[in-house]
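This report refers to the structure that appears directly beneath it.
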């Protein structure tokens, strides 16, 4: 698999690692699959994360720790006490702050080499048209289908990879999408709508505010999402393209299902 930076027309210049960065990322650089070249790709990458909540929190922390050079955060919500059970990038001292600001401050303490661009706005199709071209990869940690469909459409239009995850009560899922590219069989990779053809009726799937969610579950799924980003940026392994990974926390079980691009009618 090619790293995403080789597929981007507006590739960020790859700069050398400083002595401090070489020491910081030593455990990455020791891995032959990543090495110094892979770490430079991480440094050059520009990743946008939707949401600094349950899924966004571990994604942001692990991407920052991994050395992603530029991280964008888009979220229009404030930190509340009930968030802290799962949104571990925030703490009691940031209650009432915008989540983007709280996350930016935490990332600055974690890794000063990371540049954070925060947007105190809600992600939408219109927002994506203005801002998404600045990034190489999109991560969707939102909690509603409207945003998930908007994110999938925007990433497909911009021709950048999308990593998306979801959680509910005791189970979660994660997948990666590159529908603008063909697989080894020459067929275009599936889209988000091949996996979920249409949004479920309003109220059919209640929010976690109504049903609850285990805090550690968001850490499991968010960490898996961060791993998919690292694989896509560096070009290692086999990303979850055309595969949906499912996790059942109560039975400690992982399952993976494959999905394909459905045949389109001439009118589509």
(request) Go over the candidates 37, 100 one by one and state the one that is more than 12 Å from the chain's Cα centre (by Cα) and surrounded by fewer than 22 Cβ atoms within 10 Å (Cβ to Cβ). (result) 37
(message) Kindly evaluate residue 35 against the criterion of being touching a strand residue (DSSP E or B) at 6+ places or on another chain (Cβ under 7 Å) and under 22 Å from residue 136 (Cβ atoms).
(response) no
(request) Please enumerate the residues belonging to region 70-128 that are free of Cβ contacts under 8 Å to residues at least 40 places away in the same chain, within 30 Å of residue 19 (Cβ to Cβ) and touching a helix residue (DSSP H, G or I) at 6+ places or on another chain (Cβ under 6 Å). (result) 89
(message) Return the pair list, or none, for Cβ contacts closer than 7 Å from residues in region 14-25 that are without any contact (Cβ under 8 Å) to a residue 24 or more places away in the chain and at negative phi to residues that are in a helix (DSSP H, G or I) and surrounded by 14 or more Cβ atoms within 10 Å (Cβ to Cβ), at least 6 apart or on different chains.
(response) 22/29
(request) With the checklist (1) closer than 22 Å to residue 74 by Cβ; (2) more than 11 Å from the chain's Cα centre (by Cα); (3) assigned to a helix (DSSP H, G or I) in hand, flag the one item residue 59 doesn't pass. (result) (2)
(message) Considering only region 62-70, I want to know if a residue exists there that is in contact with a strand residue (DSSP E or B) (Cβ under 9 Å, 6 or more places away or on another chain) and surrounded by fewer than 22 Cβ atoms within 10 Å (Cβ to Cβ).
(response) yes
(request) For residues that are surrounded by 13 or more Cβ atoms within 10 Å (Cβ to Cβ), in a helix (DSSP H, G or I) and within 20 Å of the chain's Cα centre (by Cα), scanning just region 1-27, find the one that is modelled with the lowest pLDDT. (result) 7
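Report whether or not residue 229 is in contact with a strand residue (DSSP E or B) (Cβ under 8 Å, 6 or more places away or on another chain) and closer than 25 Å to residue 86 by Cβ.
It is true that residue 229 is in contact with a strand residue (DSSP E or B) (Cβ under 8 Å, 6 or more places away or on another chain) and closer than 25 Å to residue 86 by Cβ.
Residue by residue, here is whether (1) outside any loop (DSSP other than H, G, I, E, B); (2) buried (at least 21 other Cβ atoms within 10 Å of the Cβ); (3) over 20 Å from the mean Cα position of the chain (by Cα); (4) at pLDDT 95 or above holds:
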{"residue": "201", "(1), (2), (3), (4)": "no, no, yes, no"}
{"residue": "205", "(1), (2), (3), (4)": "no, no, yes, no"}
{"residue": "221", "(1), (2), (3), (4)": "yes, yes, no, yes"}
{"residue": "225", "(1), (2), (3), (4)": "yes, yes, no, yes"}
{"residue": "230", "(1), (2), (3), (4)": "yes, yes, no, yes"}
{"residue": "238", "(1), (2), (3), (4)": "no, no, no, yes"}
{"residue": "250", "(1), (2), (3), (4)": "no, no, yes, yes"}
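The values are calculated or read from the model by the stated rules, or taken from the named source; none is laboratory data. A quick note: this is a predicted structure, and the numbers were derived from the prediction, not measured. With ideal geometry, Cβ positions are generated from the backbone for all residues, glycine too; neighbour counts draw on all protein chains shown.
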